Amino acid sequence: MRLFKNEAAARDSPFRNSPLAAESDVGDVVVDWVHWYNYARLHSTLGYSKQVEF
């Protein structure tokens, strides 16, 4: 969870475009972060490729 907190919930997070004022705002950030983590992030153990490409 530490990675999620640092990457998604921080005030300067690229996944946030406004304050988290409502529960739906948090849900949007979670969905965006999970998508990035699973589909866009480069994995060193996969030869720095995306999980989907591997």
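The values are calculated or read from the model by the stated rules, or taken from the named source; none is laboratory data. Since the model is a prediction, treat every value here as computed from it, not as a measurement. SASA here: full protein model, heavy atoms, side chains in, ligands and nucleic acids out. Shrake-Rupley method; radii C 1.70, N 1.55, O 1.52, S 1.80 Å.
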For the chain, averaging the sequence separation of alpha carbon pairs under 8 Å that lie six or more residues apart and dividing by its residue count, the contact order in percent is 22 percent
How much length is gained on full extension from Ala40 to Ser18, taking 0.36 nm per residue of separation minus their Cα-Cα distance?
-> 5.7 nm
When all Cα-Cα pair distances of the chain are considered, the percent exceeding 13 Å is 61 percent
Only helices counted: for the chain, with every DSSP H run of 4 or more residues adding -39500 (n - 2.57) and the sum spread over all residues, [θ] at 222 nm is -7500 deg cm²/dmol
Would you mind working out the accessible area per residue for the chain, using a 1.4 Å probe, and quoting it in Å²?
-> 81 Å²
Helix axis angle, 23-35 relative to the chain longest principal axis, alpha carbon, degrees = 10 degrees
Of every hundred units of 1.4 Å-probe accessible area on the chain, the number belonging to carbon and sulfur atoms, as a percent, is 54 percent
Residue separation times 0.36 nm, minus the C-alpha to C-alpha distance between Phe54 and Lys5: what's the value?
-> 15.0 nm
